[in-house]
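Here, each number is a calculation from the coordinates, and none is a lab measurement. Just so we're clear, the structure is a prediction, and the values are computed from it rather than from any experiment. All Cβ positions, glycine included, derive from the backbone under ideal geometry; neighbour counts span all protein chains shown.
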Amino acid sequence: MKLSVCTISFRHHLQSIDQIVHWARTHHFQGIELWGIHAKNLEDNPKYGVDWLNSYGLQTSMISDYLPLEGPTSHMITETMKISKLAKKWGTNKVRTFVGRAGSLKISKSERKHLVSRVQMICDYFESEGQFVLVETHPNTLTDNLASTIQLIEEVNHPALRINFDVLHMWESGANPIEAFRRLCPFVSHFHFKNISSREHLNVFSPANVYAAAGSREGMTSLFTGAINYEDFLNEVIPTMEVEASLEWFGPNVWDVLKNDRSEIKKRFEVDYLKGYYSKI
C-alpha cells in the first residue's frame, strides 16, 4: 500500500512544503498528493520538483486540480497543458479533476454530452503526454453515484480516463463501497480515504464549507472511528490490487490525526498483507 499526505489538508495552516514533506517521510508515508494551486505557486521555484521530492524517498502520487470543462475550449486546453507540465515537473502521471458542477440527475442530456466531449478532449491530450486524468467520485458532478460513473466511463471510452475512488462520497451516494469498488476496480487508479461520524454531518464536506477557514468541522473523524467500515473495505481491496491512496483530512489537529491513521493502517494491514515491507524502506 502506498499512502500519501494531501497538501490540501494544510490549506489553512502556515506550513511550508519543506515541513510537510519532512513530516511525511518521518511518519512513513510514501508520497504527497499535491493540490493544484500549490503546484502552481511553486512553479517558478527551481528547487522544488521530482528530484527534490525523491531525495526524501517520496513520490508525487497525484496532482489534484479542477480543470475548467464548462468554459471556453481554449481556456480548458491552456489549463490542461499547464497542469500536465506541472505533473511532469513533479514526476506523476496522474491528474485529478471533477466532471461538471451539477449532479447527474440535474443535468440535461445535451449538457452531459457536452461534458463527455470535453473529457474526451482532455483525455486525448493527457494520453499524448503519457498521463492519465482521474475523475473523482463526488457529489454534484457526473460521478455522484455508481450508475452515472459507469455511464461516464462508457461514454468517454478512453484509455486515459481513470477513477479517483473517494470512499466516503461513494458511500454518501447510497452505494455499498465494496460493491462499488468491485464494479469500478478495472478503472480505479487512486483512492481518497476519509470518514464521518454519521450521515447527518455530510454537509461539512460541501465545498462552500470545507474550503472556508471558519467552516464547520463537526462530524469529521479519524479513519477507523466513523460510520464507514474501512476495516471491511480494505480487507476487500488490498488483496485485489496495489492500493495507492491519500489520507484526506479537512479537520483540526492535522498532524495528530494523520499520524494516528497512518499508524492504524500499518498495524491493521501492512504487517499482514505486506510482510517485511517496512524492512525494505
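Tally up the residues in the stretch 134-154 that are touching a Leu at 6+ places or on another chain (Cβ under 6 Å) and of a type in the set (A, V, I, L, M), please.
So the answer is 2.
Okay, residues lined up against (1) within 16 Å of the chain's Cα centre (by Cα); (2) closer than 23 Å to Arg268 by Cβ; (3) without any contact (Cβ under 8 Å) to a residue 60 or more places away in the chain:
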| position | (1), (2), (3) |
| --- | --- |
| Leu152 | no, no, yes |
| Phe165 | yes, yes, yes |
| Val188 | yes, yes, yes |
| Lys194 | yes, yes, yes |
| Glu200 | no, no, yes |
| Pro207 | yes, no, yes |
| Ala214 | no, no, yes |
| Asp232 | no, yes, yes |
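So, in the stretch 216-230, of the ones that are of a type in the set (S, T, N, Q) and touching a residue at least 24 places away in the same chain (Cβ under 8 Å), which residue ends up surrounded by the fewest Cβ atoms within 10 Å (Cβ to Cβ)?
The residue in question is Thr225.
Within the stretch 234-262, restricting attention to residues that are in contact (Cβ under 8 Å) with a residue 60 or more places away in the chain and either in contact with an Asp or Glu (Cβ under 7 Å, 6 or more places away or on another chain) or hydroxyl-bearing (Ser, Thr, Tyr) (or both), which residue is nearest to Gln30 (Cα to Cα)?
Ser246
Which members of the stretch 231-248 meet the condition of being of a type outside the set (A, V, I, L, M) and either out of contact with any strand residue (DSSP E or B) (no Cβ under 7 Å at 6 or more places or on another chain) or exposed (fewer than 15 other Cβ atoms within 10 Å of the Cβ) (or both)?
Selection gives Glu231, Asp232, Phe233, Asn235, Glu236, Pro239, Thr240, Glu242.
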